[in-house]
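The values are calculated or read from the model by the stated rules, or taken from the named source; none is laboratory data. Since this is a predicted model, take the numbers as computed values, not measurements. So basically every Cβ, Gly included, is an ideal-geometry build from the backbone, and we count neighbours across all protein chains shown.
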Amino acid sequence: MSARPLLVVVLAAGQGTRMKSSLPKVLHKIGGRSMLGHVLDVAKQIGGDKLAVVVGPGMEVVRKEAEVQAPGASVFVQQSQRGTADAVLAAREALAGHSGDVLVLYADTPLLPAEALKALLARLDTGAAIAVLGFDAADPTGYGRLLTDGDGWLTAIREHKDATEAERDVRLCNSGVMAFRVDDVLGVLARIGNDNAKGEFYLTDAVEIARRDGARAAVVTCAEDDVLGVNSRDQLAVAEGIFQKRARAAVMREGATLIAPETIWLSFDTKIGRDVLIEPNVFFGPGVVVEDGVEIKANCHFERAHIGRNARIGPFARLRPGAELGPDVHIGNFVEVKNVKLGAGAKANHLSYLGDGSVGAGANIGAGTIFCNYDGFNKARTEVGEGAFVGSNTSLVAPVTIGAGAYIGSGSVITKNVADDSLALERSSQEERPGWAAKFRAMMSKRKAKTD
């Protein structure tokens, strides 16, 4: 790639009426990240020096998302939907102050790989003033066609509605992604007219204008999936499927085993180490890190959690935001952990809720234990010391501290701090009445007989 400064213009003004949603199209998510977020991320990956995002009028939520995903990006408003060239011209201020290459991306094309964009920009170093990313379409209906001469240079981009029958037979199609290296981008854009079937100002007409000026335009091809545009819910599902397939393949290439890959759902930032074994039906929400050697059994759900080396999780475990598991921790079936740090070797193997607190190294949390962390108004913490043993069916009412090495008797409701190495019990004495059960059954049988 050239060392020339790069301005990336991301067009995000489309309303997406086919999505049937109050949420702007580009904010719908793929792999836990908005489509706009994906496109801004790849713009940063390829070294965009400046980012400009073009939104529609009244799309403040899109502006805010752009500012979150790419702090420092400039946001511009396309006041009326008059075509792609008009959308790029909405970023006139950024273009006027830029001396270098310009790349135009679309916020509803979330699967673009950085490698394809790098190849596109590299084409500008070989004599092209404009480079267009194209693909061979399985079904080219509706796409603009890329028309080339005998030497492979691009001569024109013809929108489907404006194409002749012969041009419609061309299968090389336009993705919309274009890179420019011209002295006066604004001058080229200003010369684009709207003499076409839609009466819009097409960015694609820049190719013919540049050629009239004696410049060359080139085509760089990529896979059709790379430039899949999302305009409807079914296309969103297709894009999600492609993202997941790629993410799973990347995880396995890095040394993890997915027993049933098609049942594992990953997020854009999921990090999974080597020699990790993942059984079927596991969902990774955003912000999950899994270190080496972890075993994850079936039917688990994780979000914003950190799982330490050689931990064993599940089946049917849920790790919520703030769950931080040290090495060799065991979290078993139907255990939920939220905002709790567990030290090395700690265990909670059955039917427990651990919320807001900490569990020391080597501590054991018995089946049915509850961290009672919420009083209806405020959250409070439960601290369990190293090597403590909490018996089954225990309620720890926060705020409370269980000392290192302490024992908690099963069935207790603990409301006061417990000292190190102490035994704490809180339950009524057991009462037994010999023969009561037989007498009760006899009495109830007589009553039932009278009513039959």
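A few points about this structure:
- Filter result for Pro110 (surrounded by fewer than 22 Cβ atoms within 10 Å (Cβ to Cβ), part of a loop (DSSP other than H, G, I, E, B) and at negative phi): no
- Residue match in the range 194-215 (condition: β-branched (Val, Ile, Thr), farther than 18 Å from Tyr143 by Cβ and more than 31 Å from the chain's Cα centre (by Cα)): yes
Condition check ((1) at pLDDT 95 or above; (2) within 28 Å of Leu111 (Cα to Cα)) across all residues:
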residue: Thr141; (1), (2): no, yes
residue: Cys173; (1), (2): yes, yes
residue: Ala179; (1), (2): yes, yes
residue: Asp184; (1), (2): no, no
residue: Val207; (1), (2): no, yes
residue: Ala210; (1), (2): no, no
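- Taking the range 129-142 as the range and being surrounded by fewer than 23 Cβ atoms within 10 Å (Cβ to Cβ) and either without any contact (Cβ under 8 Å) to a residue 60 or more places away in the chain or within 27 Å of Leu40 (Cβ to Cβ) (or both) as the test, the residues that pass are Ala129, Ala137, Asp139, Pro140, Thr141, Gly142.
- Exclusive hit being among the small types (Gly, Ala, Ser), more than 26 Å from Val290 (Cα to Cα) and either in a loop (DSSP other than H, G, I, E, B) or more than 34 Å from the chain's Cα centre (by Cα) (or both), set Ala404, Ala344: Ala404
- With respect to the conditions (1) modelled with pLDDT of 95 or more; (2) in contact with a strand residue (DSSP E or B) (Cβ under 9 Å, 6 or more places away or on another chain); (3) in a loop (DSSP other than H, G, I, E, B); (4) surrounded by fewer than 20 Cβ atoms within 10 Å (Cβ to Cβ), Pro71 lacks only one, and its number is (2).
- All conditions but one from (1) touching a residue at least 24 places away in the same chain (Cβ under 8 Å); (2) in contact with a Gly (Cβ under 7 Å, 6 or more places away or on another chain); (3) not polar (S, T, N, Q) apply to Leu342; the one that does not is (1).
- Filter result for Leu189 (of a type outside the set (Phe, Trp, Tyr), closer than 30 Å to Ala3 by Cβ, touching a Gly at 6+ places or on another chain (Cβ under 9 Å) and surrounded by 15 or more Cβ atoms within 10 Å (Cβ to Cβ)): no
- Of the helices (runs of 4 or more DSSP H) entirely within the range 163-282, those holding at least 1 residues that are out of contact with any helix residue (DSSP H, G or I) (no Cβ under 8 Å at 6 or more places or on another chain) and not assigned by TED's automatic domain parsing to the domain that holds Thr141 occupy 233-253.
- Looking only at the range 416-441, and only at residues there that are surrounded by 10 or more Cβ atoms within 10 Å (Cβ to Cβ) and among the small types (Gly, Ala, Ser), the one that is farthest from Gly387 (Cα to Cα): Ala424
- Residues that are closer than 15 Å to Cys222 by Cα, among the charged types (D, E, K, R) and either touching a helix residue (DSSP H, G or I) at 6+ places or on another chain (Cβ under 9 Å) or part of a loop (DSSP other than H, G, I, E, B) (or both) do occur in the range 126-141.
- For the range 99-106, the criterion of being modelled with pLDDT of 95 or more and assigned to a loop (DSSP other than H, G, I, E, B) is satisfied by no residue at all.
- Restricted to the range 29-55, and to residues there that are touching a strand residue (DSSP E or B) at 6+ places or on another chain (Cβ under 7 Å) and assigned to a loop (DSSP other than H, G, I, E, B), the residue that is surrounded by the fewest Cβ atoms within 10 Å (Cβ to Cβ) is Asp49.
- Filter result for Ala419 (in the same structural domain as Phe334 (by TED's automatic domain parsing), within 42 Å of the chain's Cα centre (by Cα), modelled with pLDDT of 95 or more and of a type outside the set (S, T, N, Q)): no
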